[in-house]
Amino acid sequence: MEKQQRKVISFDCYGTLIDWKRGVIQALAPLLADYHLSIPEEDLFALFSEADHHFTSGKYLTYREILIQTMKWIAGRLGINLYGKDEKALIGSFPNWEPFPDVQEALRHLKQKYSLVILSNIDDDLFSFTRKKLGVVFDEVITAYQIRSYKPAPGHFREALDRLGLKPGEMLHVAQSIYHDIEPCREIGIPNVWINRYGETFQGSDPPRQTYPSLEAYIRSLDK
């Protein structure tokens with residue numbers, strides 16, 4: 001699909017546009033300090049990711065509830081007790097989760113030529129904290145709360161195609177997560193771009209055809 005045909009670009013949000021890794025680590029820092037715990041950031045985020053995967057793979061819960069269960073999961077792994085306010089530490093941190101530095105300019109650039117769509121494993125009310133930070137108005141926002149499922153299940157992608165009246169080859173999806181986004185796009189036939197923000201090594205025999213370390217790098221490739 002040539003770039004002039006890509007009239008719709010969809011994005012994962014948290015991890016691709018929003019630096020959720022930094023947001024999670026900062027949200028958990030006060031809890032660790034209260035218990036005088038020192039844990040490498042990578043290990044701490046790995047605990048969060050393990051819990052997130054567990055709860056988004058089971059029976060549908062709102063993401064707000066998943067964040068509470070995730071706090072309990074992490075506390076259990078660390079052997080500490082949570083008080084009521086601590087259970088909502090991740091929820092309370094959402095207004096402080098910031099975009100990556102290249103996001104606003106990149107989205108404004110793309111908005112001049114493309115319709116932009118968000119496909120996110122989030123609740124509508126939690127996304128409201130993020131929406132104002134992205135710098136553009138998205139043409140569609142499709143959340144887990146709306147469709148009652150989480151990526152990598154195909155619901156977000158099929159809902160986007162249905163709402164926009166598109167065939168799979170008529171939308172481009174841009175995302176950081178191979179598991180949540182790139183793999184389901186491949187199964188459905190949606191062209192995709194991997195924004196490899198964390199310098200990961202692709203595990204498999206067929207890496208994504210389009211891979212960039214940042215949105216800024218992707219934008220530069222479009223302007224060539």
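When each of the peptides 36-42, 119-125, 21-27 is scored by how many other beta carbons lie within 10 Å of its residues on average, the order from highest to lowest is 119-125, 21-27, 36-42.
If only the Cβ of Lys and Arg carry +1 and only the Cβ of Asp and Glu carry -1, the dipole of the chain around its Cα centre is close to 560 debye. Peptides 43-50, 8-15 ordered by packing proxy, namely the average of other Cβ atoms within 10 Å per residue, highest first: 8-15, 43-50. Per-residue ellipticity at 222 nm computed for the chain from its helices equals -13000 deg cm²/dmol, with DSSP H segments shorter than 4 residues left out and the rest contributing -39,500 (n - 2.57). The number of Lys pairs in the chain with C-alpha atoms less than 15 Å apart, excluding pairs fewer than 8 positions apart on the same chain, is 9. Each peptide in 201-210, 138-147, 78-87 gets a packing score, the mean of other Cβ atoms within 10 Å over its residues, and the list from highest to lowest is 138-147, 78-87, 201-210. Computed across the chain, the Kirkwood radius stands at 18.2 Å (inverse of mean 1/r, all Cα pairs).
Evaluating 6.51 cos²θ - 1.76 cosθ + 1.60 at θ = phi - 60° for every residue in segment 182-196, the Karplus couplings come out as 5, 5, x, 4, 4, 5, 7, x, 8, x, 8, 10, 8, 8, 8 Hz, glycine and proline recorded as x. In whole percents, the pair-distance distribution calculated for segment 20-96 from its alpha-carbon pairs, binned every 10 Å from zero, is 19, 59, 21, 1.
Once C-alpha pairs closer than 8 Å and six or more residues apart are averaged by separation and normalised to the residue number of the chain, the relative contact order reads 25 percent. For segment 102-198, taking the reciprocal of the average inverse distance between every pair of different Cα atoms yields a Kirkwood hydrodynamic radius of 13.9 Å.
No lab work stands behind these numbers, since they all come straight from the coordinates. Keep in mind the model is a prediction, meaning the values are calculated, not measured. Positions of Cβ are generated from backbone atoms using ideal geometry, with glycine treated the same way; all protein chains shown enter the neighbour counts.
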